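In what follows, a structure is listed as structure tokens, so that the remarks can point back to it.
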Amino acid sequence: MSDQKASPWEGLNLPRACLAWVKEVDRIMLDELCISLSDAGADRADVLRYWKFDESPADFVDWFGEKYDLITREQWDPFGIVSRAIRP
């Protein structure tokens with residue numbers, strides 16, 4: 001059984017390239033900002049609009065984080081304490 005959670009964007013009839021783009025955006029956002037694009041409130045129309053800007057996922061995440069003044073994981077946990085915590 002896979003530990004990987006299904007993408008909230010599956011089944012929304014997004015173009016294949018757009019679906020790949022938003023999945024990469026989510027991966028980067030979760031890694032850097034601890035939220036996904038859907039956590040931030042984006043819907044299908046938002047994803048299509050953002051994708052049409054033709055930015056790379058990394059550039060989009062930088063822009064989105066700056067626009068909404070989001071803090072990065074590094075700013076929130078500068079010493080990486082959470083990632084080193086012992087988990088059950």
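Each row is one residue, and each column tells you yes or no for (1) under 14 Å from the mean Cα position of the chain (by Cα); (2) open to solvent by 70 Å² or more (accessible area, probe 1.4 Å); (3) at pLDDT below 95.
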position	(1), (2), (3)
15	no, no, no
24	yes, no, no
32	yes, yes, yes
46	yes, no, no
56	yes, no, no
63	yes, yes, no
74	no, yes, yes
79	no, yes, yes
| remark: Scanning the stretch 23-42 for residues that are out of contact with any Leu (no Cβ under 9 Å at 6 or more places or on another chain), part of a loop (DSSP other than H, G, I, E, B) and of a type in the set (A, V, I, L, M) gives 37, 42
| message | Where the second residue is open to solvent by 50 Å² or more (accessible area, probe 1.4 Å) and in a helix (DSSP H, G or I) and the first is within 12 Å of residue 19 (Cβ to Cβ) and lies in the stretch 35-52, which pairs have Cβ atoms under 9 Å and are six or more apart or on separate chains? | response | 51/17
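The values are calculated or read from the model by the stated rules, or taken from the named source; none is laboratory data. Keep in mind that this is a model prediction, so the values were computed, not measured. Ideal geometry is used to build each Cβ from the backbone, glycine not excepted, and the neighbour counts take in all protein chains shown. Remember, those area values only see protein heavy atoms, side chains included, never the ligands or the DNA or RNA. Shrake-Rupley method; radii C 1.70, N 1.55, O 1.52, S 1.80 Å.
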